[in-house]
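Every number here is computed from the coordinates shown, using simple stated rules; none is lab data. These numbers were taken from a predicted model, which means no experiment stands behind them. Backbone-built Cβ (ideal geometry, glycine too); neighbour counts: all protein chains shown.
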Amino acid sequence: MPGKTAYVNARLLDPASGLDAPGALLAEGETIAAVGSIGEIPADAEAVDCRGLCLAPGLVDMRVQLREPGEEHKETIASACRAAVAGGVTSMVCLPNTGPVIDNDAVVEFVARRARQAGLTKVYPYGAATKGLKGEEVAEIGLLADSGAVAFTDGERAVASAVVMSRLLSYAAGFGHLIVQHPEEPTLAGGDMNAGTTAGRLGLAGISPAAEWIMLERDLRLVEITGARYHAAHISTAESVAIIRRAKEKGLAVTCDTAPPYALLTEDAVGEFRTFAKLSPPLRKESDRAAIAAGLADGTIDCLASDHSPQDADSKRKTFHDAAFGGVGVETLLSAALELARAGGLGLLDALAKVTVNPARVLGLPAGRLTAGAAADLVLFDPEARWEVNAATLLSKSKNSPFDESTLPGRVIRTVIDGRTVFEAAHG
């Protein structure tokens, strides 16, 4: 059990309450005891001088692929947790596309046990929406929820059948469970990158943006019928933002997230067949990127998730057509949020809300707030320090960052989970 720690001379940032002010925070054991003015530092407390840097709730990353069990050569729970704490992520939610799939309580318990053994980032599992992620039969989501699953999804696969999705939403609505969809109509999704002139110039098969918004339109009609809670993952097109906005105006129980590449990069990042920029959904054109950034700014897009998808070198060191989709992101999530704030249109607290209190609220997690009684899950960071994303120094077992060789703001100085310092930057 950790003792008492006083974080003094900090710029306190709490998106949940709107707090942005100098002050201090006192942690006692695993929880926050006081925020703002803590009075005299207790004699038995360790004092940490924050030197005016930003102290915020630890990040909540709501879309992570851990690869364990099944593909430990790409990532393990331990390696993902090490990468996460280096990026200030104190809670992450893992997709069920492991081997075996997280569609029964034994695999839920395995993930929880391995996360406890790592002793770093808190790991929460999604349960499979359909058995085996096959999209044919609704999984035992009630039993999975009882075992600890926080929501239900087929991960990188869309629930393509309208009949199955209708049954899933109807069942989930009766218990208040959240359904998370990868919105991509599979019959339109074959290809290598976004359909358009760049794909044509490179001779690559295009993926139509309609694959995303056609699936969204269908699902939201079903949500309207069933009254279920629905979350659209990693939306990437201007039309998707408009569809989500209309659904919210109707009062539907709909939320969504995007990943940093869709707000900061375009299909031009593919360049001359750069496989680190091969993502699912694919990077889109500039008008889509601008719409995603605007959707984050106006609140249509609730959350920013890393969409951490580690691929080993052999999976990426291929021709663009044969290379695997996906990019790592837990170590760059905070920096991406800060880059969006720096670019304008999104205030610092608003940007941090997308990676702290908002995902925690969507998933019902006890995280994302600087308040007395909350878990002492904290990140201390320097918002002005810039660093180069370098595959050689990333802590993830895989190195496939779409931001490789880019310079981003925000250096994590210290990460604290349940009052324990689990990461401290060298020379920090």
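Structural remarks
- In the stretch 88-112, the residues that are hydrophobic (A, V, I, L, M, F, W, C), more than 22 Å from Leu395 (Cα to Cα) and either under 17 Å from the mean Cα position of the chain (by Cα) or part of a loop (DSSP other than H, G, I, E, B) (or both): Val101, Ile102
- Thr319 being over 12 Å from the mean Cα position of the chain (by Cα) and among the β-branched types (Val, Ile, Thr): yes
- Within the stretch 374-423, considering residues that are in contact (Cβ under 8 Å) with a residue 40 or more places away in the chain and on the phi > 0 side of the Ramachandran plot, the one surrounded by the fewest Cβ atoms within 10 Å (Cβ to Cβ): Asp418
- Boolean, Val355 is of a type in the set (Val, Ile, Thr), within 30 Å of Ala6 (Cβ to Cβ) and touching a Cys at 6+ places or on another chain (Cβ under 8 Å): yes
- Any hit, the stretch 189-205, residues being buried (at least 24 other Cβ atoms within 10 Å of the Cβ) and out of contact with any helix residue (DSSP H, G or I) (no Cβ under 8 Å at 6 or more places or on another chain): no
- Hits in the stretch 190-212 - residues which are outside any helix (DSSP H, G or I) and small (Gly, Ala, Ser): Gly190, Gly191, Ala195, Gly196, Gly203, Ala205, Gly206, Ser208
- Extreme residue, nearest to Ala336 (Cα to Cα), among residues of the stretch 286-305 that are part of a helix (DSSP H, G or I) and small (Gly, Ala, Ser): Ala293
- Residue in the stretch 244-258 that is farther than 24 Å from Tyr171 by Cα, surrounded by 24 or more Cβ atoms within 10 Å (Cβ to Cβ) and under 21 Å from the mean Cα position of the chain (by Cα) present: yes
- Screening Ala112 on (1) touching a residue at least 40 places away in the same chain (Cβ under 8 Å); (2) over 25 Å from Ile413 (Cβ atoms) shows it passes everything except condition (1).
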